[in-house]
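For reference, the structure discussed in these notes is given below.
The values are calculated or read from the model by the stated rules, or taken from the named source; none is laboratory data. All values derive from a computational prediction rather than experimental measurement. Glycine also receives a Cβ, built like all others from the backbone with ideal geometry; neighbour counts cover every protein chain displayed.
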Amino acid sequence: MSGGHGGGREEEQPVERRIPGPRSAPDDRENLPPAVSSGPAEPPVSPEPLMPLMPPVPPVPPSGPPLPHHVLQSLLGAWALAACSAEETAAVEDHLTSCAPCADEALRLRDAVGLLHSDGTLDLDPLLRSRVLEGCLGRRPALIPVPGWAAPYDAETARLDALLRDIRDSEWHAPVRLKWFEEDQQVHRKTTVAGVIGHLTAVDGLVSRALGLDDPLGKGDRPLGPTDRTESYWSAARRPPTRAVREPWRDQNHALIRTVSFAGRGVAELSVPYGGFALPLQDALLERAFECWVHGDDIADAVDYPYEPPAPAHLHEMIGLAVRLLPAVLAERRRAGLAAPPRHLVAAGSPGRSLHLEVEGRGGGDWYIALDSPAALGSPSHTVAQVALDGVEFCRLVAGHVPPVEAAAGQEGDREAIRDVLFAAASLSRL
């Protein structure tokens with residue numbers, strides 16, 4: 001606008017730009033009077049293009065009083081799953097630096113969440129039962145404890161039962177090849193997982209008979225040899241065995257352990273006949289523990305299941321039993337012409353020649369095996385040969401799973417004596 005007359009021109013005053021207020025709602029505009037036009041309508045102006053929006057700025061967490069302990073404790077699960085908000089995460093992690101109980105709980109929860117995304121197996125460790133029982137008995141001993149000489153049998157049957165509990169119905173029919181040595185030749189027998197459990201049930205019946213318990217083959221005169229009992233058990237089955245064999249086998253194991261636990265000390269020397277020979281009950285249960293482990297490993301291979309060797313102390317006892325049996329087996333092989341005769345006569349009470357067996361690794365130790373007399377004791381002063389083996393490898397030799405010529409890791413001394421002892425060890429195996 002012009003402010004005077006006479007052609008004079010006043011300076012234009014700067015006009016303050018105003019930011020328009022918010023648009024009113026459409027309903028409010030209906031009640032307004034019509035706008036009065038003061039001149040011709042101006043052509044519409046195309047709107048200017050909008051500037052791109054800037055990325056949102058994260059809100060600054062409000063500063064306020066810290067959350068109480070019980071609230072932060074209730075957020076630990078969500079924190080472990082990364083489901084907390086930024087403010088909650090910061091509050092929880094700040095709390096964990098000063099609260100040890102919550103920090104321990106948070107670590108356990110975070111480990112548990114890791115299992116949900118793990119690619120590894122979630123199968124229970126077969127040794128879990130043994131470790132739990134050991135921990136429980138360490139705090140509160142059983143009123144009627146299992147004798148120490150029966151502990152290997154209790155542990156190995158528990159481990160095998162854990163394996164059987166985990167396998168599927170179809171895996172009970174998985175093929176298993178049993179191996180042992182006869183007349184210095186490795187032989188095989190095909191069966192199934194269920195057939196192996198039937199075999200263990202039949203041979204464990206030897207111990208049941210000696211203790212006056214029920215025989216899985218029934219009453220009456222039954223063959224006493226392990227092989228004959230197994231063949232009789234398999235032939236009596238009307239159809240191929242299934243997972244139904246697990247329960248009778250497990251019940252028999254429990255009955256044996258309960259009986260020897262209540263029987264007292266004298267029962268350890270009770271004779272258990274095996275047909276052609278006999279063993280004291282404590283050695284018989286150790287032999288049954290050894291076979292349970294060996295056949296458990298056979299089953300684990302058939303169903304692709306992880307299976308560890310026995311505890312070192314138990315494995316040491318198993319190796320010791322095999323070493324104690326070797327002199328008598330060596331003498332029997334000489335009578336059958338399968339081993340070289342002794343080099344010289346041994347006077348009564350004389351130790352004669354010995355072979356030093358050095359077992360390394362799990363269950364290891366040193367043993368001296370008498371070579372010339374089954375009644376003599378090995379002596380370090382008369383050692384003519386030395387053999388070094390791994391503990392598990394020696395047991396595989398005794399089980400007939402490893403040829404004698406491939407078993408020894410180290411040999412020194414009389415080659416003939418070494419060969420005779422290794423083949424005698426393999427001849428301890430049987431079905």
| For segment 206-234, how many residues meet the condition of being modelled with pLDDT of 90 or more and either among the acidic types (Asp, Glu) or part of a helix (DSSP H, G or I) (or both)? | 16
| request: Being in a helix (DSSP H, G or I) and among the small types (Gly, Ala, Ser) is the filter; apply it to segment 292-317 and report the residue that is farthest from His188 (Cα to Cα). | output: Ala313
| query | Looking at Gly198, is it in contact with a helix residue (DSSP H, G or I) (Cβ under 9 Å, 6 or more places away or on another chain) and under 23 Å from Leu428 (Cα atoms)? | reply | yes
| So Gly296 fits all but one of (1) farther than 27 Å from Gly212 by Cβ; (2) modelled with pLDDT under 95; (3) buried (at least 22 other Cβ atoms within 10 Å of the Cβ); what number is the exception? | (2)
| Meets criteria (hydroxyl-bearing (Ser, Thr, Tyr) and part of a loop (DSSP other than H, G, I, E, B)) for Ser261 | no
| request: Residues being part of a helix (DSSP H, G or I) and either within 35 Å of the chain's Cα centre (by Cα) or in contact (Cβ under 8 Å) with a residue 24 or more places away in the chain (or both): count how many of those fall in segment 76-93. | output: 9
